[in-house]
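The values are calculated or read from the model by the stated rules, or taken from the named source; none is laboratory data. As the structure is a prediction and not an experimental result, all values here were calculated from the model. When we count neighbours, we look across all protein chains shown, and the Cβ atoms used for this are built from the backbone with ideal geometry, even at glycine.
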Amino acid sequence: MHRSRHQPETKQWRMATEFARFMCGGLLIMEHLENEACSKPHQSIDALKKSLVKAWNAIPQEVIDRAVDDFRKRLKKCIDAQGGHFENK
């Protein structure tokens with residue numbers, strides 16, 4: 001994941017990112033958020049938050065519905081992988 005000098009690199013941020021990938025149906029939503037909200041540097045955390053909210057609101061409902069529908073399958077894969085990487089399995 002691209003990180004600008006304005007984006008915090010903390011354990012909490014990494015955990016939140018991994019959780020979002022899992023909860024939101026993989027990389028599709030994360031890539032959209034990153035492309036839309038993180039394509040330019042932000043002067044503050046509030047500016048980054050506003051960009052993320054704007055990008056989230058632009059995601060088509062069908063994409064969110066598909067992510068929700070896939071949740072049970074993804075949860076089983078995560079359990080089978082004992083919490084490890086499972087995207088390409």
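Scanning the range 41-75 for residues that are outside any helix (DSSP H, G or I), of a type outside the set (D, E) and surrounded by 14 or more Cβ atoms within 10 Å (Cβ to Cβ) yields H42, I59. With respect to the stated conditions, F19 is exposed (fewer than 12 other Cβ atoms within 10 Å of the Cβ), modelled with pLDDT under 80 and not aliphatic (A, V, I, L, M). Kindly evaluate L33 against the criterion of being modelled with pLDDT of 80 or more and either under 9 Å from the mean Cα position of the chain (by Cα) or surrounded by 16 or more Cβ atoms within 10 Å (Cβ to Cβ) (or both). Yes.
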